[in-house]
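The values are calculated or read from the model by the stated rules, or taken from the named source; none is laboratory data. For clarity, every value in this text was computed on a predicted model and none was experimentally measured. Counting neighbours? That spans all protein chains shown, and the Cβs are built from the backbone with ideal geometry, glycine included.
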Amino acid sequence: MALSAFLVVNGVSFPTPKYGFQYTISTAVDAGRNVNGVVTGQRVGRDLFKFDSMEWVGLSPSQWRTMLKAVEDFYFDVTFEDYRTGNPTTIKMYHGDITAKPLFVNGSSYLVSQYESCKMNFIDCGE
């Protein structure tokens, strides 16, 4: 099954971020090394995902508001392609910092009419 968007967040299709975002998979381990320096830990749970440094250029205020509404709750479902399998997967995530850099502001209403860039990152909840 192919995805129609890079990310689907709470049912909202997000555009593909600008070149340079990072897709990280982390494996949690329950221990360290023994006196001989040999790893004694074992894998704990499943691999965790993080989408870091996601940036979108030239969004309209309505596009950005739609994306922000999708991440309004602390936890939200994100569907994306697991590049290890090529299949879509859905996991619960939360967002880190969110930033927006206005490009144009309407002089009479003082409202943003175009964003230069908008950024956020998503972190796996591990559930």
Check your understanding: Has the stretch 87-98 got at least one residue that is touching a helix residue (DSSP H, G or I) at 6+ places or on another chain (Cβ under 9 Å), surrounded by 13 or more Cβ atoms within 10 Å (Cβ to Cβ) and in a strand (DSSP E or B)?
Key -> yes
Review point. Restricting attention to the stretch 2-45, and to residues there that are surrounded by fewer than 13 Cβ atoms within 10 Å (Cβ to Cβ) and at positive phi, which single residue is modelled with the highest pLDDT?
Key: Gly11
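Would you mind stating whether Ser108 is more than 19 Å from the chain's Cα centre (by Cα) and of a type in the set (S, T, N, Q)? Talk me through it step by step, then tell me what you get.
Values: more than 19 Å from the chain's Cα centre (by Cα): yes; of a type in the set (S, T, N, Q): yes.
For Ser108, the condition - more than 19 Å from the chain's Cα centre (by Cα) and of a type in the set (S, T, N, Q) - is met.
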**Study point:** Boolean, Met67 is at pLDDT 95 or above, part of a strand (DSSP E or B) and crowded, with 17+ Cβ neighbours inside 10 Å
**Key:** no
Exercise for review: Find all pairs meeting these conditions: Cβ atoms under 7 angstrom apart; at least six residues apart or on different chains; first residue within the stretch 9-36 and over 19 Å from Trp56 (Cβ atoms); second residue among the acidic types (Asp, Glu) and assigned to a loop (DSSP other than H, G, I, E, B).
Suggested key: Ile25/Asp47; Ser26/Asp47; Thr27/Asp47
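For the stretch 71-127, which positions are among the aromatic types (Phe, Trp, Tyr), over 17 Å from Gly58 (Cβ atoms), in contact with a strand residue (DSSP E or B) (Cβ under 9 Å, 6 or more places away or on another chain) and without any contact (Cβ under 8 Å) to a residue 24 or more places away in the chain? Before the answer, list the steps.
First, the residues of the stretch 71-127 that are among the aromatic types (Phe, Trp, Tyr): 74-76, 80, 83, 94, 104, 110, 115, 122.
If we keep only those that are over 17 Å from Gly58 (Cβ atoms) too, we end up with 74-76, 80, 83, 94, 110, 122.
Right, trim to in contact with a strand residue (DSSP E or B) (Cβ under 9 Å, 6 or more places away or on another chain) and you get 74-76, 80, 83, 94, 122.
Once the filter is applied, which keeps residues that are among the aromatic types (Phe, Trp, Tyr), over 17 Å from Gly58 (Cβ atoms), in contact with a strand residue (DSSP E or B) (Cβ under 9 Å, 6 or more places away or on another chain) and without any contact (Cβ under 8 Å) to a residue 24 or more places away in the chain, the stretch 71-127 yields only Phe74.
So if I check each of Gly20, Gly32, which one is of a type in the set (Gly, Ala, Ser), within 23 Å of the chain's Cα centre (by Cα) and farther than 20 Å from Met93 by Cα? Outline the logic, then answer.
Working: Gly32 fails: within 23 Å of the chain's Cα centre (by Cα).
Residue meeting the stated conditions: Gly20.
Give the residue, chosen from Ser117, Ser108, that is more than 17 Å from Arg46 (Cβ to Cβ) and surrounded by 14 or more Cβ atoms within 10 Å (Cβ to Cβ). Write out each step before concluding.
Numbers: Ser108 fails: surrounded by 14 or more Cβ atoms within 10 Å (Cβ to Cβ).
Within the list Ser117, Ser108, the selection yields Ser117.
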